[in-house]
Protein chains: 2
Amino acid sequence: MSVLVVGTVAFDSIETPFGSAERVLGGSAAYFALGASLFAPVRVVGVIGGDFPQEYIDLFTQRKIDIEGLQRDRGETFHWRGRYHEDINVRDTLELHLNVLAGFVPRLPERYRQSEYVFLGNIDPAMQAQVLDQIRAMKLVACDTMDHWIRESPEELRKVLKRVEMLVINDSEAKLLSGYSNIVQAARAILKMGPKVVLVKRGEYGVLQFSDGSIFATPAYPLEEVFDPTGAGDSFAGGFLGQLARSRDHSEGGLRRAIVYGSVVASFTVEDFGVKRLASVELAAVEERFQSFAKLTDFHS
Amino acid sequence: MSVLVVGTVAFDSIETPFGSAERVLGGSAAYFALGASLFAPVRVVGVIGGDFPQEYIDLFTQRKIDIEGLQRDRGETFHWRGRYHEDINVRDTLELHLNVLAGFVPRLPERYRQSEYVFLGNIDPAMQAQVLDQIRAMKLVACDTMDHWIRESPEELRKVLKRVEMLVINDSEAKLLSGYSNIVQAARAILKMGPKVVLVKRGEYGVLQFSDGSIFATPAYPLEEVFDPTGAGDSFAGGFLGQLARSRDHSEGGLRRAIVYGSVVASFTVEDFGVKRLASVELAAVEERFQSFAKLTDFHS
């Protein structure tokens, strides 16, 4: 069962207290695709510039990620430069160059129009809507967003929210979107905007899942070494939707296990710079950490 | 099996975004005792002034809390005034009057010297040591501390840490005590200072338990209404040690269940101002929420 993602494919330049990396592969669609491809076939919709190197293309194809929907436009690839603080949970954006992303109009290859699992990564909600318009068969659509779109494109975003089953969103952004400072109230308000499920990402503190009838709370996998948190949220979403596509289990328990799989994938992502660890991790290691995760949180035995 | 606590018994004056309270019952020993007394008999060591009202004494005795060790000295009761921000996890101390606490020398009634479960609440580590000196039979000693003592009395604190089995500490204070900004590294460093178990309190994000061989991670119980976080950590410790004293189960599973009981007690504490909800909650409601907690975190069924 294929998972389609639309989002950014980018160059990231990253500084953390532990080192730095220049113009490495990044972007929401890249992290999502690498995470999801551990579990299921993935199709990418996005845009790159003439400067996007073959080695990153090869990385996608090695992981059997379908990049027919990754357009190459004239100009430079989207570039983000950020610096993490001593407290690795805090970061500043130093530079943001939209480049080819500025004029991007998503066009889905014919094959992509039958995609049952869809993730609308963090891009302009107008582009997210254009992708939805082109898909004919959808079983489950999840989307992400960020403070910029909540502030600058609230109406477009509200329209997208009415069309998706799930929203995957940061703690602080859920509060901004809803106007509530309490996360439970915030999530309940967002459930009224359209999504049937809201996943709140809390970084090193884990994830909360809200639906009409229930709440699921899970911590993050505690790590001794967090080198680079970039892409944690997108690879979480990739692991989550990838596992859902693999299991086709949309029950409450199935969603919860998919969240734990997503958390496990994210825990690998942050162990090295950029996509380095995520791109090399194998499913067996993910399954093993899933079992550790179960032990880590068990208080019944 | 009795639980002995030494700590502050105080007047708290509290402002939160939802209201305010003047000179209400507070202090680490008060919150701990009310939490622990749901599960086991509790003995309090502390000091109050001539201004401490009979109604608060009555509250302790109604909950069968033994206050023979609560000395009444000349002067005024310890008084703390704080204000919580719109983000309820952030607070400022506006006033701090030690009053009778300044010259406090803990003296344990003879009966108290046989106390198998001991909690050294957040007071001067020199006073914590004086309490330990007077106890003859101990099965399990846990202690708490805060940034002030980590900075101002590091040597006294280090001596206490060598004498306790468990440290219950905030996230930020664990980092300050250890010098590590990663919480797993911080806890590992603290385990080398003496305690066999470190419990890291993360407020609304839950608790991490570290011991030599394992890590336990649990979220906090998600609440739609948090009126006043004061005393959450101390009532958590009370529920935790109270449950350990009730169950006498010091296995890894027993510790983990005690942590969940502590989290449940703290979730009641923050639902109203000061000790109001904590003082009225009954064990049946705690047991019920323990079951909800199990459902909230389960991803196996």
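The values are calculated or read from the model by the stated rules, or taken from the named source; none is laboratory data. From a predicted model like this one, the values you see are computed outputs, not experimental measurements. Note that each Cβ is placed from the backbone with ideal geometry, even for glycine, and that neighbours are counted across all protein chains shown. Side chains included, ligands, DNA and RNA excluded: accessible areas come from the protein's heavy atoms. Shrake-Rupley method; radii C 1.70, N 1.55, O 1.52, S 1.80 Å.
Please go through the range B:162-177 and give me each residue that is open to solvent by 20 Å² or more (accessible area, probe 1.4 Å) and within 13 Å of another protein chain (Cβ to nearest Cβ), ordered by number. Residues satisfying the conditions are B:SER172, B:LYS175, B:LEU176. In the range A:273-284, the qualifying residues are those that are more than 17 Å from A:GLU225 (Cα to Cα) and not acidic (Asp, Glu), and the one that is nearest to the other protein chains (Cβ to nearest Cβ) is A:LEU283.
State which residue is farthest from the other protein chains (Cβ to nearest Cβ) when the search covers only the range A:1-22 and only residues that are open to solvent by 40 Å² or more (accessible area, probe 1.4 Å) and part of a strand (DSSP E or B). Top of the filtered list is A:GLU22. Considering (1) more than 14 Å from every other protein chain (Cβ to nearest Cβ); (2) at pLDDT 95 or above; (3) open to solvent by 20 Å² or more (accessible area, probe 1.4 Å), the lone condition that B:ARG289 does not fulfil carries the number (1).
Scanning the range B:18-33 for residues that are over 18 Å from B:VAL265 (Cβ atoms), out of contact with any strand residue (DSSP E or B) (no Cβ under 7 Å at 6 or more places or on another chain) and of a type outside the set (Gly, Ala, Ser) turns up just one, B:PHE18.
Within the range A:65-101, the set of residues being in a helix (DSSP H, G or I) and on the phi > 0 side of the Ramachandran plot comprises just one member, A:ASN99. Annotation: of all residues in the range B:23-39 being over 13 Å from the mean Cα position of the chain (by Cα) and open to solvent by 10 Å² or more (accessible area, probe 1.4 Å), the one that is farthest from B:ILE259 (Cα to Cα) is B:ARG23. When each of A:PHE240, A:PHE227, A:PHE216, A:PHE210 is tested for being more than 9 Å from chain B (Cβ to nearest Cβ), out of contact with any His (no Cβ under 6 Å at 6 or more places or on another chain) and open to solvent by less than 10 Å² (accessible area, probe 1.4 Å), the lone residue that passes is A:PHE240. The set of residues in the range A:182-199 that are within 14 Å of chain B (Cβ to nearest Cβ) and of a type outside the set (A, V, I, L, M, F, W, C) comprises A:ASN182, A:GLN185, A:ARG188. When B:THR77 is tested against (1) farther than 28 Å from B:TYR117 by Cα; (2) open to solvent by less than 30 Å² (accessible area, probe 1.4 Å); (3) polar (S, T, N, Q), just one condition goes unmet, and that condition is (1). Being buried (at least 23 other Cβ atoms within 10 Å of the Cβ), more than 25 Å from A:LEU34 (Cα to Cα) and either within 16 Å of the chain's Cα centre (by Cα) or more than 12 Å from chain B (Cβ to nearest Cβ) (or both) is the requirement here; does A:ALA266 meet it? Spelling it out, it is not the case that A:ALA266 is buried (at least 23 other Cβ atoms within 10 Å of the Cβ), more than 25 Å from A:LEU34 (Cα to Cα) and either within 16 Å of the chain's Cα centre (by Cα) or more than 12 Å from chain B (Cβ to nearest Cβ) (or both). The listed residues are A:PHE119, A:PHE60, A:PHE104, and the only one of them that is assigned to a loop (DSSP other than H, G, I, E, B) and under 27 Å from A:ALA245 (Cβ atoms) turns out to be A:PHE104.
Among residues that are in contact with a strand residue (DSSP E or B) (Cβ under 8 Å, 6 or more places away or on another chain), crowded, with 17+ Cβ neighbours inside 10 Å, away from chain B (no Cβ under 14 Å) and aliphatic (A, V, I, L, M), A:LEU70 is included.
Take the conditions (1) assigned to a loop (DSSP other than H, G, I, E, B); (2) within 20 Å of B:GLY231 (Cβ to Cβ); B:TYR180 misses just one of them, which is (2).
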